[in-house]
Amino acid sequence: MANTPSAKKATRKIARRTAVNKNRRSRVRTYVRKVEEALASGDKTAAEAALREAQPELMRAAGKGVMHPNTAARKVSRLSRRLKTLSA
């Protein structure tokens, strides 16, 4: 248990930051799921639209430190590749 005032404040800050990061991570997962569902259904236009919405959300999460930038780039790359194979 935190004893000093600064440790108590740090605990409060960590709790707030954790909640924010959890919300951001959840948003990213939702956008990625929408792309994957559109890809699974074979709807190319819906998949393209979903990817256009998901890409900035992934990069925003990377910029805010929720995920590593390479992880976000990898996810975008893999989704783009799947979309390309769907159209081919």
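Rule-based calculations on the coordinates, nothing more; no lab input. Because the structure is a prediction, the values reported are computed rather than measured. When we count neighbours, we look across all protein chains shown, and the Cβ atoms used for this are built from the backbone with ideal geometry, even at glycine.
Residues in the stretch 34-72 that are under 22 Å from residue 22 (Cβ atoms) and aliphatic (A, V, I, L, M): 35, 54, 58, 59, 61, 62, 66, 67, 72.
Within the stretch 39-52, how many residues turn out to be surrounded by 12 or more Cβ atoms within 10 Å (Cβ to Cβ) and in a helix (DSSP H, G or I)?
Taking the stretch 39-52 and keeping what is surrounded by 12 or more Cβ atoms within 10 Å (Cβ to Cβ), we get 39, 43-44, 46-51.
So of that shortlist, the ones also in a helix (DSSP H, G or I) come out as 39, 44, 46-51.
The total comes to 8.
In this structure, does residue 67 turn out to be at negative phi and outside any helix (DSSP H, G or I)?
yes
Checked against the criteria, residue 33 counts as part of a helix (DSSP H, G or I), closer than 26 Å to residue 84 by Cα and either in contact (Cβ under 8 Å) with a residue 12 or more places away in the chain or under 20 Å from the mean Cα position of the chain (by Cα) (or both).
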